[in-house]
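The values are calculated or read from the model by the stated rules, or taken from the named source; none is laboratory data. Keep in mind it's a predicted model, so treat the numbers as computed, not measured. Cβ placement follows ideal geometry from the backbone for every residue including glycine, while neighbour counts extend to all protein chains displayed. Accessible surface areas use protein heavy atoms only, side chains included; no ligands, DNA or RNA. Shrake-Rupley method; radii C 1.70, N 1.55, O 1.52, S 1.80 Å.
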Amino acid sequence: MRTIRSIDELRAAVGKETGLVPTMGALHDGHRSLFRAARDENDLVVASLFVNPAQFDEATDLAAYPRDEERDAGIAAECGVDILFAPPVSELYPDGFGTWLDVEAAGGEAEARPGHFRGVATVCLKFFNIVRPRRAYFGQKDAQQAQVVRRLVRDLNLDVEVRVLPTVRDSDGLALASRNVRLSPDDRARALALPRALQNAVGAPDPVVSVRAELNGLDPDYVEIVDLDGAQILAAAVCVGSIRLIDNVLLKGELP
């Protein structure tokens, strides 16, 4: 596996039918599932490793985001990634950068994190332009992010297939997320109310009311039903201590 840090070098290295897995590092089994799907479906697999400052609402959250490039590179190599694109911030946001992509995003995640999806859409468009992938891979846990990326691809006529893979969970049911490593044992135990409430709400007359009733004291940012190209997803976000967690379950249809 090669690690590349410059856009020019990356553009020179790609050219076959390519699968792209955008990540911010702190890799886990959810990322492994995306890497393996990309490996199965493409000639060349590129994974980005970039903690995108434009996606963060608070400087403290950005500073606390877990980083371990050596570990992440080992995981990517084990899963068959050909190229790890790990640019410095200055490579993607050089001095004087001032072009941002605004995607109309409704719903709780957009309201809870103003500007977040602007950062997501802008960096994804940059990656798509740089890598020119045939397919790009995202996890269902970030369903609203995937919805934004699919709208970006549709509205700007990009030749990229957006693949959304099922959420990978730990043995206790908690959706795998990079921020989970920052949960104390007590907070992790409290966090399990979120996946339980979501799962128990499947088939309920009013899934949103059902989730809110079963969060066991956790105060949600939102609980809502999200439409993802014909699939219905029940999504929620909660804070457990200082850690914000998101999760969702599929209510109807199939992932696109």
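Points worth noting:
- Segment 47-173 shape via C-alpha gyration tensor axes, a/c threshold 1.5: rounded
- Dipole orientation for the chain: of the candidates Q199, A177, V160, V160 has the Cα lying most toward the positive pole (charges on Cβ; Lys, Arg +1; Asp, Glu -1).
- For segment 198-204, putting each phi into the Karplus relation 6.51 cos²θ - 1.76 cosθ + 1.60 with θ = phi - 60° gives couplings of 5, 5, 5, 7, 5, x, 6 Hz, in residue order, rounded to whole numbers and with x for Gly and Pro.
- For A213, net neighbour charge (Lys/Arg +1, Asp/Glu -1) across residues whose Cβ lies under 14 Å away: -1
- Only Lys, Arg (+1) and Asp, Glu (-1) charged, at Cβ; segment 19-60 dipole about Cα centre in debye: 140 debye
- Contact order, relative form, for the chain: 18 percent (alpha carbon pairs under 8 Å, 6 or more residues apart, mean separation divided by residue count).
- Rounded to the nearest 20 debye, the dipole size of the chain about its Cα centre is 360 debye, using +1 on the Cβ of Lys and Arg and -1 on the Cβ of Asp and Glu.
- Loop-located GluC sites (Glu not before Pro) in segment 197-255 whose Cβ has at most 13 other Cβ within 10 Å (DSSP): E254
- Based on Cα contacts under 8 Å between residues 6+ apart, segment 104-169 shows a relative contact order of 35 percent.
- The accessible area of S6, taken with all protein chains in place and a 1.4 Å probe, comes to roughly 40 Å².
- Nearest-ten-degree value, helix 116-131 long axis tilted from longest Cα axis of the chain: 30 degrees
- Residues whose amide H lies under 5 Å from that of L251, counting only those 5 or more places away or on a different chain, are Q232, I233, L234; hydrogens are built 1.01 Å from N in the peptide plane.
- Computed from point charges on the beta carbon alone (+1 for Lys and Arg, -1 for Asp and Glu), the dipole magnitude for segment 141-256 about its Cα centre is near 200 Debye.
- Residues whose placed amide H lies under 5 Å from that of F85, excluding near-sequence neighbours: I4, A47, S48, L49
- Segment 177-256-segment 55-90 distance, computed between alpha-carbon centres (Å): 25 Å
- Among beta bridges that DSSP assigns inside the chain, antiparallel share in %, nearest 5: 50 percent
- Solvent-accessible surface (1.4 Å probe) assigned to M24 amounts to roughly 40 Å².
- Residue among L251, L62, L218 farthest towards the positive dipole end of the chain, charges placed on Cβ: L251
- Here is the P(r) of segment 1-85: all C-alpha pair distances, binned every 5 Å from 0, give 3, 15, 25, 23, 17, 11, 5, 1 in whole percents.
- Residues of type lysines that K141 reaches as a straight line, Cα spacing below 20 Å, ignoring anything fewer than 8 places off in the same chain: K252
- Within the chain, helix-based [θ] at 222 nm, where runs of 4 or more DSSP H residues each add -39,500 (n - 2.57), nearest 500: -10500 deg cm²/dmol
- Cα gyration tensor shape for segment 157-237, rounded if a/c is under 1.5, else prolate or oblate: oblate
- Phi-derived couplings, Karplus 6.51 cos²θ - 1.76 cosθ + 1.60 at θ = phi - 60°, listed residue by residue for segment 239-250: 9, 10, x, 9, 9, 9, 10, 10, 7, 7, 9, 7 Hz, with x used for Gly and Pro.
- Three principal axis extents describe the C-alpha atoms of the chain; from largest down they are 54, 38, 37 Å.
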